[in-house]
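Here is the structure we will look at, set down as structure tokens.
The values are calculated or read from the model by the stated rules, or taken from the named source; none is laboratory data. Worth saying up front: this structure is predicted, and the values here are computed from it rather than measured. Cβ placement follows ideal geometry from the backbone for every residue including glycine, while neighbour counts extend to all protein chains displayed.
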Amino acid sequence: MLQQESEHQWLAISAFFVFIIIGAFFIKGTSHLPGIDLTENELGSDNRIMESHYIDKDNSFMLTYIDGTYEFVSMNSGIMNKLIDSNSEYDASSISHVTTLDNDSVIISSLQSDVILIDDSEMFTFETNFGEDNFSVSNIEQSSSDSQQYLLITRESGNLQSIRGLNSSGLTSSNTPNNENVNWQNLIHVEDQKWLATGIYNTPATSGDQSPATPNLRPVWATILWNGGYTAPMVESLQIGGYGEYHSTIKLNHEQVIIAGTHETILFNHQNNEIENIDYSSVAAISDKCNSAWLFNNKDSKSVLRFDEDSWDVESLPHNIPIDIEASGFDGTTIYLHGIDDNGNPKVLTFDTSAVGSIESGSGFLNLAFIIVSLIMFTIMGVNVFDKFKQ
């Protein structure tokens with residue numbers, strides 16, 4: 001047709017532009033995130049998953065709630081093993097935090113003086129109190145530079161919270177002397193001798209800014225310094241947020257940390273102490289690879305925020321999030337969001353991260369088809385133009 005004269009050339013050009021317009025509509029229509037599915041969770045429709053920790057595709061640990069009872073279970077190639085249930089000497093309902101170590105074993109904090117170590121589905125006591133002080137442990141975090149060092153969030157006498165360190169020599173440090181009216185909740189190691197902690201700041205009643213009956217709770221994060229010795233960890237700097245809470249901290253690289261909150265998100269560079277406020281609220285955050293993270297808002301949200309290689313992108317979902325998110329995890333390929341649907345049934349929303357930008361996704365396939373067809377048409381045009389010049 002392109003070799004013909006007059007109206008045939010215009011017909012071909014018009015058809016090409018129609019192809020461009022139709023392709024643009026299709027690409028726009030398939031611009032939602034692919035690989036999203038809503039299914040029953042791994043433990044069945046009766047189990048409500050309150051916390052999940054995935055080692056890989058075949059191995060995970062979960063805190064579940066079923067028939068009014070909390071249980072802590074492991075999943076190994078689809079086989080469930082109850083580690084802590086109503087018949088155990090431990091109380092699963094008192095579990096305050098679960099930490100995955102660098103060797104894929106798990107440490108459970110349950111407001112006791114020592115914590116529980118689970119390795120290959122075997123349970124051991126992990127000692128944390130080598131002194132004469134009386135305290136319990138509500139959270140424990142391993143150092144990423146020295147696997148034998150840990151930082152602890154403790155509950156001291158008088159029900160006061162504090163922070164202690166545990167080093168490779170089995171020496172437990174003294175507790176932080178001043179916690180700035182903060183109830184610490186989570187920890188993450190960011191660099192040598194430096195940690196980041198998040199919690200809730202309780203404005204003192206003497207400040208006059210609140211009613212004693214309804215205290216004003218605000219989110220707080222701080223950098224903590226500890227040299228690994230007996231000296232107590234010290235609060236280096238403390239930042240108080242507006243309202244809500246910080247639910248996740250994600251270490252992106254050797255310099256930055258995402259502090260994700262229900263009403264605010266912060267990108268913190270712990271090398272130069274730069275703070276960037278991100279206008280996005282979320283209830284769950286997951287890192288799917290180095291220097292990449294996903295932030296999810298709660299039920300009925302139509303988008304997710306994705307951080308990848310120093311850029312923030314809001315990705316559209318094919319439909320609203322159908323569950324109230326209670327737990328999240330990542331097995332190396334798939335992100336799992338556990339929650340409750342409108343009928344109160346436990347469900348899991350999965351995100352296949354390998355499908356994002358792949359040829360198998362709708363947008364990826366149409367982009368590839370558009371490129372191939374366009375190259376063919378331009379090649380034909382170029383050949384015909386070359387033939388005309390030769391003539």
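What residue, of 232, 197, 222, is within 25 Å of residue 272 (Cα to Cα), in the same structural domain as residue 98 (by TED's automatic domain parsing), assigned to a loop (DSSP other than H, G, I, E, B) and modelled with pLDDT of 90 or more?
The unique qualifying residue is 232.
Filter region 150-180 down to the residues that are small (Gly, Ala, Ser) and either assigned to a strand (DSSP E or B) or surrounded by 19 or more Cβ atoms within 10 Å (Cβ to Cβ) (or both) and list them by number.
Within region 150-180, the first condition is being small (Gly, Ala, Ser), and the residues that meet it are 157-158, 162, 165, 168-170, 173-174.
Hits for region 150-180 are 162, 165, 173.
Answer yes or no as to whether residue 75 is under 19 Å from the mean Cα position of the chain (by Cα), of a type in the set (A, V, I, L, M, F, W, C), within 30 Å of residue 319 (Cβ to Cβ) and in the same structural domain as residue 339 (by TED's automatic domain parsing).
Numbers: under 19 Å from the mean Cα position of the chain (by Cα): no; of a type in the set (A, V, I, L, M, F, W, C): yes; within 30 Å of residue 319 (Cβ to Cβ): yes; in the same structural domain as residue 339 (by TED's automatic domain parsing): yes.
When the stated conditions are applied, residue 75 does not pass them.
Is there a residue in region 305-316 that is in the same structural domain as residue 262 (by TED's automatic domain parsing), under 14 Å from the mean Cα position of the chain (by Cα), at pLDDT 90 or above and under 20 Å from residue 49 (Cβ atoms)?
Looking through region 305-316, none of the residues is in the same structural domain as residue 262 (by TED's automatic domain parsing), under 14 Å from the mean Cα position of the chain (by Cα), at pLDDT 90 or above and under 20 Å from residue 49 (Cβ atoms).
Please list, ordered by first then second residue, the pairs with beta carbon atoms under 9 Å, 6 or more apart or interchain, first in region 72-87 and part of a loop (DSSP other than H, G, I, E, B), second of a type in the set (Gly, Ala, Ser).
85/92; 86/92
Hey, can you tell me all the residues within region 316-347 that are of a type in the set (S, T, N, Q) and either touching a Cys at 6+ places or on another chain (Cβ under 7 Å) or not in a strand (DSSP E or B) (or both)? Full working, then the answer.
In the first step, residues of region 316-347 are kept if they are of a type in the set (S, T, N, Q); the result is 316, 320, 328, 333-334, 343, 345.
Selection gives 320, 333, 343, 345.
Can you find, within region 37-71, the residue that is farthest from residue 92 (Cα to Cα) among those that are assigned to a strand (DSSP E or B) and among the small types (Gly, Ala, Ser)?
Step one: of region 37-71, the residues assigned to a strand (DSSP E or B) are 37-39, 48-54, 59-66, 69-71.
Going one step further and asking which of them are among the small types (Gly, Ala, Ser), we end up with 52, 60.
Values: 52: 14, 60: 17 Å.
Filtering first and then ranking leaves 60.
Filter region 289-315 down to the residues that are in a loop (DSSP other than H, G, I, E, B) and among the polar types (S, T, N, Q), then identify the one that is nearest to residue 254 (Cα to Cα).
We begin by selecting, within region 289-315, every residue in a loop (DSSP other than H, G, I, E, B); these are 290-291, 297-302, 309-310.
When the remaining residues are screened for being among the polar types (S, T, N, Q), the result is 291, 297-298, 301.
Working: 291: 9, 297: 27, 298: 30, 301: 32 Å.
That would be 291.
For region 295-304, enumerate the residues that are under 15 Å from residue 338 (Cα atoms) and either modelled with pLDDT under 85 or under 14 Å from the mean Cα position of the chain (by Cα) (or both).
295, 296, 297, 298
Yes or no: region 227-247 includes at least one residue that is at positive phi and in contact (Cβ under 8 Å) with a residue 60 or more places away in the chain. Break it down into steps so the answer makes sense when it comes.
Of all residues in region 227-247, those at positive phi come to 228, 244.
Right, trim to in contact (Cβ under 8 Å) with a residue 60 or more places away in the chain and you get 228.
Yes, region 227-247 contains a residue that is at positive phi and in contact (Cβ under 8 Å) with a residue 60 or more places away in the chain.
In the set 250, 286, 259, which member is at pLDDT 95 or above, within 19 Å of the chain's Cα centre (by Cα) and outside any loop (DSSP other than H, G, I, E, B)?
259
Results for (1) crowded, with 20+ Cβ neighbours inside 10 Å; (2) closer than 18 Å to residue 52 by Cα, shown as yes or no for each residue.
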position: 278; (1), (2): no, no
position: 287; (1), (2): no, yes
position: 298; (1), (2): no, yes
position: 348; (1), (2): yes, yes
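Could you identify the single residue in 142, 148 that is under 21 Å from residue 227 (Cβ atoms) and under 24 Å from the mean Cα position of the chain (by Cα)? Even if it seems obvious, please write down each step before you answer.
Numbers: 148 fails: under 24 Å from the mean Cα position of the chain (by Cα).
Step by step, each of 142, 148 is checked, and only 142 is under 21 Å from residue 227 (Cβ atoms) and under 24 Å from the mean Cα position of the chain (by Cα).
Search region 187-205 for residues being touching a His at 6+ places or on another chain (Cβ under 8 Å) and not basic (Lys, Arg), and hand back the single one that is farthest from residue 265 (Cα to Cα).
So in region 187-205, the residues touching a His at 6+ places or on another chain (Cβ under 8 Å) come out as 190-191, 194-196.
Next, only the ones that are not basic (Lys, Arg) stay: 190-191, 195-196.
Working: 190: 18, 191: 21, 195: 18, 196: 15 Å.
Ranking the candidates gives 191 first.
What number goes with the only condition from (1) under 23 Å from residue 91 (Cα atoms); (2) hydrophobic (A, V, I, L, M, F, W, C); (3) touching a Ser or Thr at 6+ places or on another chain (Cβ under 8 Å) that residue 151 does not pass?
Every condition holds for residue 151 apart from (1).
Given the criteria surrounded by 14 or more Cβ atoms within 10 Å (Cβ to Cβ) and either under 24 Å from residue 346 (Cβ atoms) or at pLDDT below 90 (or both), does residue 291 qualify?
Working: surrounded by 14 or more Cβ atoms within 10 Å (Cβ to Cβ): yes; either under 24 Å from residue 346 (Cβ atoms) or at pLDDT below 90 (or both): yes.
Judged against the criteria, residue 291 is a match.
Any idea which of 273, 253 is in contact with a strand residue (DSSP E or B) (Cβ under 9 Å, 6 or more places away or on another chain) and either surrounded by fewer than 20 Cβ atoms within 10 Å (Cβ to Cβ) or touching a residue at least 12 places away in the same chain (Cβ under 8 Å) (or both)?
Numbers: 253 fails: in contact with a strand residue (DSSP E or B) (Cβ under 9 Å, 6 or more places away or on another chain).
Among 273, 253, only 273 is in contact with a strand residue (DSSP E or B) (Cβ under 9 Å, 6 or more places away or on another chain) and either surrounded by fewer than 20 Cβ atoms within 10 Å (Cβ to Cβ) or touching a residue at least 12 places away in the same chain (Cβ under 8 Å) (or both).
Which of the residues that make up region 154-206 are over 12 Å from residue 221 (Cα atoms) and among the hydrophobic types (A, V, I, L, M, F, W, C)?
Within region 154-206, 160, 163, 166, 171, 190, 205 qualify.
Could you list all residues from region 299-344 that are of a type in the set (S, T, N, Q) and more than 16 Å from residue 37 (Cα to Cα)? If you could, list the steps in order and put the result at the bottom.
Quick first cut of region 299-344, residues of a type in the set (S, T, N, Q) only: 301, 303, 311, 316, 320, 328, 333-334, 343.
If the condition is that a residue be of a type in the set (S, T, N, Q) and more than 16 Å from residue 37 (Cα to Cα), then 311, 343 are the ones that fit.
May I ask you to say which residue of 147, 110, 77 is surrounded by fewer than 20 Cβ atoms within 10 Å (Cβ to Cβ) and on the phi < 0 side of the Ramachandran plot?
Residue meeting the stated conditions: 147.
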